[in-house]
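What follows is a set of notes on a single structure, which appears directly below.
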Amino acid sequence: MYTEKVMDHFMNPRNVGEIENPSGVGEVGNAKCGDIMRIYLEVEDNIIKDIKFKTFGCGAAIATSSMATEMVKGKTIEEALQLTNKAVAEALGGLPPAKMHCSNLAADALHKAIEDYKNKQKQKEQEQNK
Amino acid sequence: MRRVYLDHSATTPVRPEVVQLVNKYLTETFGNPSSVHAFGREARKGVETAREQIAALIKAKPEEIFFTSGGTEADNMAIVGTAMANQTKGKHIITTQIEHHAVLDTCKSLIKQGFEVTFLPVNPDATIDLELLKSSIRDDTILITMMHVNNEVGTILPIKEVGQIAKEKGIIFHVDAVQSFGKLPIDVNEMNIDLLSASGHKIYALKGTGCLYIRKGTKIAPLFFGGSQERKRRPGTENVPGIVAFGLAAHLAGQEMEAEAERLTKLRDKLIDGILEKIPNVQLNGHRTNRLPGHVNVSIRYIEGESLLLMLDMKGIAASSGSACTSGSLDPSHVLLAMGIPHEIAHGSLRMTLGKGTTEEDVDYVLEVLPEIVEKLRSMSPLYNSMKLENNEECSKCTQKR
Ligand SMILES: Cc1ncc(COP(=O)(O)O)c(C=O)c1O
Ligand code: FES
């Protein structure tokens with residue numbers, strides 16, 4: 001039921017793990033389904049230098065996490081914000097209809113991590129301005 | 001790569017003796033059992049032999065066995081048939097929350113038709129409380145329907161005790177024995193069973209075959225109308241190859257039951273003990289000892305069942321899970337939830353059901369592969385590390401206390 005691409009990213013996930021002192025962290029979860037995805041960012045000069053994820057969920061959830069992190073690594077924050085759930089699913093060669101809901105986790109977690117990064121930046125600026 | 005099939009509760013391969021017999025009934029003995037000529041008479045003989053073989057396995061009379069298209073149809077026929085034939089007496093049915101959907105959804109369909117159904121809750125090990133059952137019985141209760149062995153967690157339910165209660169109260173008792181038929185001893189008289197569902201493909205016969213045992217004198221309405229086959233209770237030209245296959249498989253299962261149960265119980269216990277010993281944060285689901293030989297169900301915390309199944313599959317191991325992610329819905333197995341298992345733990349459930357082809361080497365292979373897979377998935381899980389930390393904190397706290 002999964003494409004070869006999905007199975008590849010599931011069996012050999014890219015960018016699994018955590019980042020110490022990350023520039024931003026985003027976590028999303030479908031409380032009812034119980035799936036959780038967490039994305040860590042390391043940003044330097046507005047560029048995603050490193051990105052890591054941890055995911056509790058099905059094969060599709062793990063594969064979309066892996067693909068999403070791969071797609072934005074090395075990109076600017078603005079570019080990363082353009083990433084959609086649909087684009088991640090397409091890059092994986094499609095997902096089974098029943099799995100579309102968990103594929104929504106990846107881009108959402110990424111956007112949350114970026115939001116967290118931006119908030120932290122703002123705080124820093126405010127502190128510097130004081 | 002080694003291939004290990006551990007999903008015998010889902011279905012089984014057809015055993016060679018049965019394949020041979022089916023072949024004969026597909027090609028040589030292909031007649032319609034209702035025909036007068038020799039072709040028909042031979043086919044009829046095959047069907048009646050199968051009826052005797054199946055009746056013998058549950059200590060019933062051959063004329064009390066009615067062939068159906070499987071366990072699902074037998075369950076429907078038992079429940080709807082009893083409801084329709086007895087509704088002037090009452091409209092209350094008792095069942096449990098852990099039944100197969102063939103029973104649950106059939107009962108729910110009757111609610112729409114004005115029946116009332118009590119879905120009994122279960123204990124954490126999927127056993128039931130007999131006092132609660134007794135107190136649920138009303139004057140208008142016409143049917144108790146309960147499974148013998150739960151398909152997801154393997155717990156054996158106290159059918160004999162329930163049969164006694166039903167008999168005392170004059171209530172029709174239906175047992176879904178799809179998972180126990182041919183594997184555990186069943187005596188419909190000793191257990192006071194009025195109706196019993198069984199299925200062929202769980203005992204090395206064909207998919208799409210099964211039967212309903214109907215105790216002589218039990219009032220039941222047919223679901224289908226048509227010819228006079230199965231004494232009008234289940235019309236339609238008989239699935240002769242499927243029926244003879246079911247009969248032979250039942251006969252062989254009866255002969256091998258004791259030895260096979262002993263063998264599978266040993267392998268099952270080895271698998272359970274090995275998993276509990278090798279993998280931390282694992283719990284067994286269902287009763288520890290009062291469970292089907294060959295049935296293992298564990299919850300592996302901090303990981304999700306579908307990804308576990310995929311990884312096992314890549315290693316040639318076929319299993320199943322009650323995770324929401326495998327169900328196509330947002331909820332994990334209704335059985336695990338009814339047992340009070342929290343969502344996230346139900347998510348990590350893994351069912352491995354052993355059968356005729358399972359060897360000790362298979363069990364050893366699983367015990368070698370599974371811990372590695374669990375470790376890999378846990379290293380990806382956002383729940384695992386934080387839990388580890390929490391545990392450590394707790395531990396340091398309690399040593400401080402000491
Ligand atoms: C307990 C139980 N009842 C009923 C059924 C349905 O049987 P069948 O597949 O023959 O329709 C199953 C099969 O999974 C089962 O496990
Ligand atoms: S994470 Fe539950 S279905 Fe994908």
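How many residues does the range B:307-328 hold that are outside any helix (DSSP H, G or I), within 12 Å of another protein chain (Cβ to nearest Cβ) and open to solvent by 20 Å² or more (accessible area, probe 1.4 Å)? I'd like the intermediate steps shown before the answer.
Of all residues in the range B:307-328, those outside any helix (DSSP H, G or I) come to B:315-323, B:328.
Going one step further and asking which of them are within 12 Å of another protein chain (Cβ to nearest Cβ), we end up with B:315, B:321, B:323, B:328.
Among the residues that remain, those that are also open to solvent by 20 Å² or more (accessible area, probe 1.4 Å) are: B:315, B:321, B:328.
Total satisfying the criteria: 3.
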Contact list, first residue from the range B:4-15 and on the phi < 0 side of the Ramachandran plot, second anywhere and among the polar types (S, T, N, Q) and within 16 Å of ligand 2 (Cβ to nearest atom), beta-carbon distance below 9 Å, six or more apart or interchain, is B:L6/B:S320; B:D7/B:S320; B:S9/B:S320; B:A10/B:S320
Among the residues of the range B:342-356, write down those that are open to solvent by 60 Å² or more (accessible area, probe 1.4 Å) and at pLDDT 95 or above.
B:K356
When the range A:14-24 is examined, which residues are found to be open to solvent by 30 Å² or more (accessible area, probe 1.4 Å) and either at the interface with another protein chain (Cβ under 8 Å from one of its Cβ atoms) or not in a loop (DSSP other than H, G, I, E, B) (or both)?
A:V16, A:E18
Please determine whether any residue of the range B:377-395 is in contact with a Phe, Trp or Tyr (Cβ under 7 Å, 6 or more places away or on another chain), surrounded by fewer than 20 Cβ atoms within 10 Å (Cβ to Cβ), at pLDDT 95 or above and aliphatic (A, V, I, L, M).
no
Only one of these conditions is not met by B:P293: (1) open to solvent by 10 Å² or more (accessible area, probe 1.4 Å); (2) within 20 Å of the chain's Cα centre (by Cα); (3) within 13 Å of chain A (Cβ to nearest Cβ); (4) under 20 Å from B:L354 (Cβ atoms). Which number is it?
(3)
Regarding A:I36, is this residue β-branched (V, I, T), in a loop (DSSP other than H, G, I, E, B) and more than 16 Å from ligand 1 (Cβ to nearest atom)?
no
Quick check: is even one residue across the range A:39-54 more than 28 Å from A:Q123 (Cβ to Cβ) and either within 16 Å of ligand 1 (Cβ to nearest atom) or within 11 Å of another protein chain (Cβ to nearest Cβ) (or both)?
no
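Restricted to the range A:104-114, and to residues that are buried (at least 24 other Cβ atoms within 10 Å of the Cβ) and within 13 Å of ligand 2 (Cβ to nearest atom), which residue is farthest from the other protein chains (Cβ to nearest Cβ)?
In the first step, residues of the range A:104-114 are kept if they are buried (at least 24 other Cβ atoms within 10 Å of the Cβ); the result is A:105-107, A:109-110, A:113.
Those still in the list that are within 13 Å of ligand 2 (Cβ to nearest atom) too: A:105-106, A:109.
Details: A:L105: 11, A:A106: 13, A:A109: 10 Å.
For the range A:104-114, the residue satisfying everything is A:A106.
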Could you list, ordered by first residue, the pairs with Cβ atoms under 8 Å in which the first is in the range B:330-341 and buried (at least 19 other Cβ atoms within 10 Å of the Cβ) and the second is among the acidic types (D, E), at least 6 apart or interchain?
B:S333/B:E152; B:V335/B:E152; B:L336/B:E152; B:M339/B:D125
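Table: residues versus (1) modelled with pLDDT under 95; (2) within 13 Å of the chain's Cα centre (by Cα); (3) open to solvent by 10 Å² or more (accessible area, probe 1.4 Å).
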site	(1), (2), (3)
A:Y40	no, yes, yes
A:D50	no, yes, yes
A:F53	no, yes, no
A:C58	yes, no, no
A:K73	no, yes, yes
A:A80	no, yes, no
A:C102	yes, yes, no
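The values are calculated or read from the model by the stated rules, or taken from the named source; none is laboratory data. The shown structure was predicted, so the numbers you read here are calculated from the model rather than taken from an experiment. Counting neighbours? That spans all protein chains shown, and the Cβs are built from the backbone with ideal geometry, glycine included. Surface accessibility is based on the protein's heavy atoms, side chains included, excluding ligands, DNA and RNA. Shrake-Rupley method; radii C 1.70, N 1.55, O 1.52, S 1.80 Å.
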